[in-house]
Amino acid sequence: MIFKRLFSQSRGRYHLSIIFSFFLAQFSVASQINQPELSKEVVSKLQEYKVYLTRFKESGEVLKQAEYLDKIAFVYWKHNHLPQAVDHFEQSMVIYKKNNLTDKLSKTYANCGIIYSELQNYAEALSCFQKELKLTRKSNDKLDICYSLINVSRMFGLLGKDKKAIKHLKTALELSQQMGDVKLMRTCHAMLAKSHDQLGNEKKSNEHLTQYSAFGNYIDQDDLEDINEDNRSKLNEMKDRIYAIEEEVRDKDIALVKQGQTIKEIERAKREREFEIEILQKDRQIQEFALKEQKSRLAFEKTIRIYLVVGLSLITILTVFLLKARHTIRNQNKRLKLYNENLEEEVDLRTKKLQTTNAELTLINRDLDTLVYKTSHDLKSPLTTAEGLCNLALLDIKEKSGIDHINKIKDELGGMTLILDQLAKLRDIKYSEIELSTFSCRKLIEEVIDEELAPQSHFKKVKFSFDIPKNLKLNGDYNLIKIIFTNVLKNAFQYSLAEQKGHQPSVSISSKEASSNLEIMVKNNGEKIPDNLAKKVFNMFFKASLNSNGPGLGLYTAKLAANRLMGHIFYKRTAESETAFSIVLPKFASMQ
């Protein structure tokens with residue numbers, strides 16, 4: 001591994017940051033498991049800090065709160081109680097955010113990142129170091145930015161994201177080169193060597209390892225020159241000053257504790273005095289309450305008197321108003337009585353007119369039906385004659401254009417004959433007597449297919465499927481039910497023949513029996529009916545497509561026949577976007 005090579009080439013000497021990265025993984029597990037109990041001195045110190053923290057919270061000194069939260073966190077951190085340390089650092093972090101203290105907030109993020117890394121929670125540690133990096137970049141301090149980049153890259157390495165670690169380390173190396181900081185450059189080269197080694201790039205790893213070793217020799221000589229007796233004496237003087245400052249701070253803390261005890265005595269006397277004042281105030285409140293109660297009683301009595309006077313006045317006014325209203329109501333009742341008498345006469349007159357009009361309309365409808373019936377029969381004879389003449393003309397005419405014209409005339413005559421036949425059927429449906437009989441549902445459907453659909457040229461292209469029990473019997477008017485099936489099946493057959501490549505036309509017929517009715521479902525997978533035309537499919541002479549060859553009376557005729565049998569026909573669109581017509585017949589029309 002990379003660290004074995006580092007040790008052999010740099011004679012066992014590591015930079016502090018590199019040692020920490022290697023040592024952290026070995027130490028953090030033990031630190032999580034082994035949380036030693038706090039000594040009495042440490043507990044006493046924590047309690048003392050928490051007392052000050054409480055006082056500053058009461059006084060509202062937020063910066064002092066943050067200071068003591070950090071002190072408590074450092075004590076916990078020092079004695080390996082890491083979760084408690086993180087908790088107090090995060091509390092101080094909130095205060096620094098609110099007061100926009102970016103420098104202290106940055107340091108607190110760094111502290112939390114180190115603790116999370118000790119807990120092996122590298123994801124949280126990475127988040128803290130990234131936030132620290134964001135703040136240090138705002139400060140434009142290249143040294144702080146460089147250390148933050150190294151911390152972030154170290155966490156990426158521990159999370160196995162070596163590519164991201166290399167990206168941040170390159171930035172840190174550029175900054176350290178700009179500053180001329182040899183130690184930081186050496187650290188960056190060492191970490192880059194390790195990251196490239198993890199990715200299996202031995203060439204890059206050896207290049208950075210060489211740079212690391214070269215900088216190591218330079219730093220060894222530089223360190224030897226700097227460490228002399230003068231520096232050691234200065235270091236000892238600084239330590240003495242630090243001990244003196246710590247003693248001074250400790251004395252001040254003791255003085256503050258004593259001062260706090262004096263404050264407690266003053267507060268106790270103050271509370272006793274406040275208790276006496278509170279008793280006097282309660283006595284005064286009782287007297288004031290009694291006085292207010294007496295005043296309110298007098299005000300209540302006064303209010304009652306006012307209400308009585310107002311009430312009597314209102315009763316008098318209301319009595320006068322009611323008398324006037326009674327007189328007005330009597331006059332209005334007389335007028336209403338006269339109006340009702342006139343209204344009844346007018347209603348009777350209009351009712352007679354409506355009855356006469358309805359009778360006339362019924363007679364006109366019958367006359368129209370008779371006219372349509374007779375006209376269809378009267379017109380059918382000349383149409384048949386004209387069609388016969390066309391057949392004779394075809395025998396005599398030899399020219400192709402003439403034959404085409406005669407065939408077109410025959411087609412038009414055939415269409416007219418079909419319309420007349422269907423108009424005659426409409427009258428038969430309305431006025432014919434219903435004759436009940438029992439017959440097989442499936443045989444009737446097969447009969448309709450054989451008679452009406454099989455003779456057509458495109459019949460073999462359409463796939464028919466049945467889901468109807470062979471023993472399903474219908475009990476109803478045979479002719480009317482045949483008319484329904486004929487028109488619905490013709491419609492399904494015609495629209496299943498969509499002109500699309502690879503399209504397999506299909507028509508499926510299924511049955512479903514309920515407690516009070518029988519449903520026959522006819523589906524086809526052909527041309528769809530537009531949604532804006534769906535409500536018109538049962539209208540007379542309606543065509544949903546320009547490709548329709550009929551007169552537009554098929555579904556209208558089927559619905560008229562179903563209504564005559566007290567049934568219904570519904571248009572539906574299935575989940576597979578198939579066009580479906582549901583024929584629902586009452587129970588008397590089915591028998592299994």
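The values are calculated or read from the model by the stated rules, or taken from the named source; none is laboratory data. Source: prediction; values computed, not measured. Ideal geometry is used to build each Cβ from the backbone, glycine not excepted, and the neighbour counts take in all protein chains shown. Keep in mind that these areas ignore ligands, DNA and RNA; they rest on the heavy atoms of the full protein, side chains included. Shrake-Rupley method; radii C 1.70, N 1.55, O 1.52, S 1.80 Å.
Every condition in (1) buried (at least 18 other Cβ atoms within 10 Å of the Cβ); (2) within 15 Å of Glu527 (Cα to Cα); (3) under 42 Å from the mean Cα position of the chain (by Cα) holds for Ser506 except the one numbered (1). Number of residues in the stretch 516-539 that are over 15 Å from Leu555 (Cβ atoms), part of a loop (DSSP other than H, G, I, E, B), of a type in the set (S, T, N, Q) and open to solvent by 50 Å² or more (accessible area, probe 1.4 Å) equals 1. Test Tyr76 against the criterion of being more than 30 Å from Leu159 (Cα to Cα), in a helix (DSSP H, G or I) and either at pLDDT 90 or above or in contact with a helix residue (DSSP H, G or I) (Cβ under 9 Å, 6 or more places away or on another chain) (or both), and give yes or no. Against the criterion (more than 30 Å from Leu159 (Cα to Cα), in a helix (DSSP H, G or I) and either at pLDDT 90 or above or in contact with a helix residue (DSSP H, G or I) (Cβ under 9 Å, 6 or more places away or on another chain) (or both)), Tyr76 does not qualify.
Regarding Glu435, is this residue open to solvent by 50 Å² or more (accessible area, probe 1.4 Å) and closer than 24 Å to Tyr556 by Cα? Answer is yes for this residue. Would you mention how many residues in the stretch 455-465 are open to solvent by less than 70 Å² (accessible area, probe 1.4 Å) and either assigned to a strand (DSSP E or B) or among the acidic types (Asp, Glu) (or both)? Qualifying residue count for the region: 2. Scanning the stretch 299-321 for residues that are of a type outside the set (Val, Ile, Thr) and open to solvent by 100 Å² or more (accessible area, probe 1.4 Å) gives Phe300, Lys302, Arg305, Tyr307, Leu308, Leu312, Leu314, Phe321. Filtered by the rule that a residue be of a type in the set (Lys, Arg) and modelled with pLDDT under 80, the stretch 536-561 gives a lone residue, Lys543.
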